[in-house]
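This report refers to the structure that appears directly beneath it.
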């Protein structure tokens, strides 16, 4: 079987000391940023991206991928012990995890979280292996109109699934697409929106923008906010869950794995949404729903499994189609392109060492993470006690180093700071930033495919509707937009009825 | 907060109009052979129209605008303007001085200000931490392959 042979080749390629070292660095840094609030996996990946320029594509992606799924493990530690989520996908774990810790059950909470993460992560890797091939085979039949339509659907899904205002999410997508136009036009080579700047001729740069929007703006948001963190001082014991814990957790773990994996594939879905959905589902299915929020182990097992499964699922569209479903995958995509590897339908045939190397490394990385998060949990507890007044300058310094080392250009640092300020203003106004980053990455691809499609069709827009796959994707996008607009219309109508009804009383 | 939202919406309208006008100068081309300005022109137009619609619908509504604070972090509380200003100036100064003074000196000075802004009050620990962090990050990231500017320390032989 091709899958088995590929997997064996993948394991053979990663069992070298240097590859294992980079895998370990990735999962270690991932756990660290997951534990520490203030810098998420995208910030860490941006900072370490320039360090990967001198190593092989497989090693660099293995390290960066390790940061992503490592952060899913690490986020639970601070949620359980401090009641502050290390990163967004661990918010839900605070609800029951911290309560378990207060009841002296921090050990089982951490244990089931690590085990569930391992099972969810492994499930996602297996599913990734088997799902990528048929998807890539289908994508080989895609032309410019189909790729354009897939990206339209991706952005529509992103705005549809936005947790805040859909309208604001659409604005963010448009701003991201406009930012993607800065630099040389991909077809004619004419400079656009560069205003004479040689730095802007290459575009605004994903790394400075991402670090500004996610890293610097996070620090600015935290300035002035109280940073009291009381780490529970109780001794952490019984890390291995009991039989009773397993009996209560096995159902949530399997459901979380499936739910998380498929949500991870969807643009805008991902780890955060999967945790909320898993928690809600387990509460509904539970015989004792009143125990949720008071230390129910199901409330930890399900969401923590789901977020790791979602992390694995998000690799599917990125590897098979070359379309990142979230900002983190967008950064991985950029890293692959920098190394001369184009993800997409031909990745598995042209660069099997990258694809199978990443898959094999995820198995190894998940095992490393169980050891990092269980026996070495004391190390993370010590790190949690570092005061924020020390962390804040370190986070900012890492951002500054990361932005500068992209091109050894101080202008990239200025761009990062500008976007840090922009990100701060947008977050205070209630805008989500993920749609902007995704649109920034997909924009140039989207435009190229759009223009090539029009050239193919001699200027006729009907090409998008006469090709069945493209038409189907666009119809789904239109239906999603209409349902969003209809829902907003109903809300407005209800409000007007209430206002006029109230005025008449 | 409402005035802030309105200002932001006006900014989007301005951005959309600017992008559309600039794109016209780039040239829209023809549908058979789209020019470099076509895609951004469409984007600019859509963003301006959407923002205008949002502004007009906000003005017509009596109640507090749900969308402005309905987002994940719409936060009406007062921002610590002084500390934010210090942070912003420090970061910009860091970017502008990095290549002139070099990584170690700029980082040391920047960290000292950031540690002070973050809450450390005594200067001896600030100086010690700033020195240690500058040195450790310099050697650590240099080992990982990052090339830092030596700045004025190139005169004492640093590369």
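Provide A:282, A:432 in ascending order of the number of other Cβ atoms located within 10 Å of each residue's Cβ, fewest first. List each step's numbers first, then the result.
Details: A:282 26, A:432 21.
So the residues, fewest neighbours to most, are A:432, A:282.
So what is the relative contact order of region A:262-326, in percent, for Cα pairs below 8 Å that sit 6 or more residues apart?
Numbers: 80 pairs, mean separation 32.1, N = 65.
After rounding, I find 49 percent.
PRE reach from residue A:195 (point 7 Å along Cα→Cβ): which of region A:403-420 fall under 15 Å by backbone N?
Counting only backbone N, you get A:411-412, A:414-419.
Mean-square fluctuation check for chain B, GNM, Cα pairs under 10 Å: which of B:118, B:82, B:29 is largest?
Fluctuation is largest for B:29.
Need one word for chain A: rounded, prolate or oblate. Basis is the Cα gyration tensor (sqrt eigenvalues a ≥ b ≥ c); a/c below 1.5 gives rounded, then a/b vs b/c decides. Walk me through the intermediate numbers first.
Values: a/c = 1.38, a/b = 1.23, b/c = 1.13.
Rounded shape, in that the Cα axes give a/c under 1.5.
Between residue A:478 and residue A:407, how many nm apart are label points set 7 Å from Cα along the C-beta direction?
4.1
Can you classify chain B as rounded, prolate or oblate using the Cα gyration tensor, where a ≥ b ≥ c are the square roots of its eigenvalues, rounded means a/c under 1.5, and otherwise it's prolate if a/b beats b/c and oblate if not?
Values: a/c = 3.86, a/b = 1.62, b/c = 2.38.
Judged from the Cα gyration tensor, chain B comes out oblate (a/c at least 1.5, b/c at or above a/b).
What ranking do A:287, B:122, A:294 get, fewest neighbouring Cβ atoms within 10 angstrom at the top?
On the way: A:287 5, B:122 9, A:294 14.
So the residues, fewest neighbours to most, are A:287, B:122, A:294.
If one takes the longest principal axis of the Cα atoms in chain B, at what angle in degrees, from 0 to 90 and to the nearest 10, does the Cα axis of helix B:81-101 lie?
With both axes taken from Cα atoms, the answer is about 60 degrees.
How far apart, in nanometres, would the label points at residue A:276 and residue B:123 be if each is projected 7 angstrom from Cα along the Cα-to-Cβ direction?
5.0
Return A:246, A:356 ranked ascending by Cβ neighbour count within 10 Å, so the fewest neighbours appear first. All intermediate terms of the calculation are to be shown ahead of the outcome.
On the way: A:246 16, A:356 24.
So the ranking, lowest neighbour count to highest, is A:246, A:356.
Can you list the residues of region A:82-109 with backbone N under 20 Å from a point 7 Å past the Cα of residue A:222, pointing along Cα to Cβ?
Label zone hits: A:82-95, A:98.
For residue B:25 and residue B:156 in one chain, what is 0.36 nm times their gap in residues minus the Cα-Cα distance, to one decimal in nm?
On the way: separation 131, 0.36 × 131 = 47.16 nm, distance 5.10 nm.
So the extension gain works out to 42.1 nm.
Values in this text are rule-based calculations from the coordinates and carry no lab data. Note that the coordinates shown come from a computational prediction; the quantities given were computed from them, not determined experimentally. So basically every Cβ, Gly included, is an ideal-geometry build from the backbone, and we count neighbours across all protein chains shown.
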